[in-house]
Every structure is written in structure tokens, then in C-alpha cells.
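Derivation of every value follows stated rules applied to the coordinates shown; laboratory data play no part. Predicted model, so just to flag it, every value in this text is computed and none were measured. Glycine also receives a Cβ, built like all others from the backbone with ideal geometry; neighbour counts cover every protein chain displayed.
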Amino acid sequence: MRLKNVPGSREAVAASAFAITDPESHKGSWRREIFKNTAPIHIEVGMGKGRFIMELAALHPEVNYVGIEKYSSVLIRAIEKAEENPLPNIRFIRMDAEDIEQVFDKDEVDRIYLNFSDPWPKDRHAKRRLTSGRFLDRFSNILAAGGIIEFKTDNRDLFDYSLETAPEAGWRILASTYDLHADPVMREGNVMTEYEEKFTAAGNPICKYVITVDTANKDKE
Ligand code: SAM
């Protein structure tokens with residue numbers, strides 16, 4: 001993604017009460033220290049400007065949401081929206097998801113959303129894809145039993161790669177579609193992301209899968 005630098009965004013993000021600037025220090029105690037409740041935690045990795053996760057947070061006050069984004073120039077847009085419409089059940093972290101296990105403990109997260117993740121089309125960059133085996137291993141280390149990943153993309157090559165990679169990494173595909181908006185079951189309750197809106201308007205079908213850690217397979221290892 002081409003990024004426009006937004007001067008002062010790093011400082012503005014750090015100054016917001018919605019941004020958690022010391023996320024490692026809350027590992028294992030997000031519910032108690034940050035949200036002060038016992039509700040489930042759902043995270044979006046690579047959330048961009050945050051429209052999707054903020055809409056979910058408004059719809060589901062019974063869930064705690066954490067949005068993760070690598071760049072403050074993008075994250076600042078989510079922070080601005082959160083400051084305008086404050087919700088108690090949302091926080092943001094500026095970080096590279098590579099370090100996710102330093103921020104959330106084993107079993108601490110109940111659901112992970114990956115939306116229109118960067119495709120990294122070159123083979124030599126495959127391990128940077130958020131649906132690669134390397135990332136799925138990290139995600140399985142923070143997801144509670146029965147936790148799921150929901151992944152959407154319009155990139156068919158990335159989707160085919162992800163469908164192939166998940167079972168190899170010990171995950172079970174619970175549902176998948178090559179055309180989310182035409183699927184009467186999977187489209188129910190769908191919340192659009194910024195990229196989803198753009199690609200749908202351009203006529204691209206949206207692919208989606210839902211996966212869970214295959215505990216039967218894991219136990220055999
Ligand atoms: N999810 C949003 C949507 O669907 O509208 C944004 C999609 S955008 C193509 C991908 C976003 O993921 C970018 O903002 C990028 O900075 C972020 N991202 C990519 N790799 C990341 C990583 N390893 N850790 C955190 N954020 C990442």
C-alpha cells in the first residue's frame with residue numbers, strides 16, 4: 001500500500017487514550033487492566049483506518065475490540081474517528097503483528113480478523129503474508145480454544161494460497177466462499193471494510209474464509 005506520511009501522526013497516536021503505547025506490559029491482563037471486564041477480545045490485524053472494527057465495536061458492546069496497525073499515518077485516521085465517537089470497548093495498538101505474542105498471552109484472544117491483508121505477491125516475501133504458516137502459528141498461540149480467524153480479500157491468488165496454507169499449518173476451514181456478497185449464509189451480518197467497499201465498487205468479488213485451530217491434528221503432533 002502506498003502511504004502518505006502524516007506529519008505529527010506518531011505523536012498524536014501516542015497521546016490518545018485510545019492508543020495503548022505499552023502493549024507488552026498488559027500481556028495476560030487486557031481484560032482486567034484495559035477493559036475492566038471479562039468480555040471476549042476480538043482483534044483486527046492490519047486494520048487500516050479502522051472503519052470495520054469501529055462499526056463492530058458499536059454493534060457489539062459485549063465484546064472488547066483491539067485494532068492493530070503498523071503505520072501511525074494510517075492509524076491516526078482511526079484514532080480521530082474514535083475521539084469523535086468514543087466507545088468504551090475499543091483500543092488501538094501501533095505495532096507490527098510479527099510481535100503479537102509479546103502483546104497477548106496464550107488463550108487471551110477469542111477472534112482475529114484479517115481484512116484485505118497485503119498480498120506480498122513475490123514468493124520470497126510469502127512469509128510476510130498474514131495468512132502464512134508463520135503468522136498462523138503466532139495467531140494460534142494467542143487464540144483461545146475454539147477461537148477463529150475470519151479473513152477477507154479480493155485477491156484470488158492470496159486467497160488460494162491461504163486456503164492451501166491453513167490446513168498445512170494445522171487449521172480447519174469452517175467456511176469459505178469466492179463470492180461473499182452472493183453467498184446467502186456467509187454474507188449475513190457482513191460489515192464492509194474501506195478496501196471492501198472500494199473493490200466491490202470496482203466489480204471484484206470478495207473471498208472469505210473462517211478457520212479454527214484443528215486441535216485433533218495438533219494433538220497428534
Ligand atoms: N483492513 C483494512 C481494510 O480492509 O480496509 C486495510 C487494508 S490495507 C490493504 C492493509 C493494512 O494492513 C495496511 O494499513 C498495513 O499498514 C497493515 N499491515 C500490513 N502488515 C501489517 C503487519 N505485519 N502488522 C500490522 N499491520 C499491518
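Table for the structure above
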| read-out | value |
| --- | --- |
| Selection from the stretch 1-50 of residues that are among the hydrophobic types (A, V, I, L, M, F, W, C) and either more than 16 Å from the ligand (Cβ to nearest atom) or without any contact (Cβ under 8 Å) to a residue 12 or more places away in the chain (or both) | Ala12, Ala14, Ala15, Ala17, Phe18, Trp30, Ile34, Phe35, Ala39, Ile41 |
| Which listed residue is surrounded by 19 or more Cβ atoms within 10 Å (Cβ to Cβ) and more than 10 Å from the ligand (Cβ to nearest atom), from Ile142, Ile53, Ile100 | Ile142 |
| Filtered residue count, the stretch 25-50, keeping only those that are acidic (Asp, Glu) and either surrounded by fewer than 20 Cβ atoms within 10 Å (Cβ to Cβ) or assigned to a helix (DSSP H, G or I) (or both) | 1 |
| Test set (1) in contact with a helix residue (DSSP H, G or I) (Cβ under 6 Å, 6 or more places away or on another chain); (2) within 15 Å of the ligand (Cβ to nearest atom); (3) under 21 Å from Asp214 (Cα atoms) - Ala169 fails condition number | (2) |
| Pairs where the first residue, in the stretch 67-78, is over 7 Å from Lys49 (Cα atoms) and in contact (Cβ under 8 Å) with a residue 40 or more places away in the chain and the second is outside any loop (DSSP other than H, G, I, E, B) and more than 8 Å from the ligand (Cβ to nearest atom), C-beta under 7 Å, 6+ apart | Ser72/Ser9; Ser72/Arg10; Ser72/Val13; Ser72/Arg94; Ser73/Ser9; Ile76/Ser9; Ile76/Ala12; Ile76/Val13 |
| Filtered residue count, the stretch 193-213, keeping only those that are touching a residue at least 12 places away in the same chain (Cβ under 8 Å) and either part of a helix (DSSP H, G or I) or within 16 Å of Ile112 (Cα to Cα) (or both) | 12 |
| Of the criteria (1) surrounded by 14 or more Cβ atoms within 10 Å (Cβ to Cβ); (2) of a type in the set (Asp, Glu); (3) away from the ligand (no atom under 11 Å from the Cβ), which one Glu69 fails | (3) |
| The lone exception for Glu84 - which of (1) away from the ligand (no atom under 15 Å from the Cβ); (2) of a type in the set (D, E, K, R); (3) closer than 30 Å to Pro121 by Cα it fails | (3) |
| Qualifying positions in the stretch 125-139 - more than 11 Å from the ligand (Cβ to nearest atom), of a type outside the set (Ser, Thr, Tyr) and buried (at least 18 other Cβ atoms within 10 Å of the Cβ) | Leu136, Phe139 |
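A quick yes/no check of all residues on (1) farther than 22 Å from Ser73 by Cα; (2) of a type in the set (Asp, Glu); (3) under 16 Å from the mean Cα position of the chain (by Cα):
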| site | (1), (2), (3) |
| --- | --- |
| Arg124 | yes, no, no |
| Asp137 | yes, yes, yes |
| Ala144 | yes, no, yes |
| Ile149 | yes, no, yes |
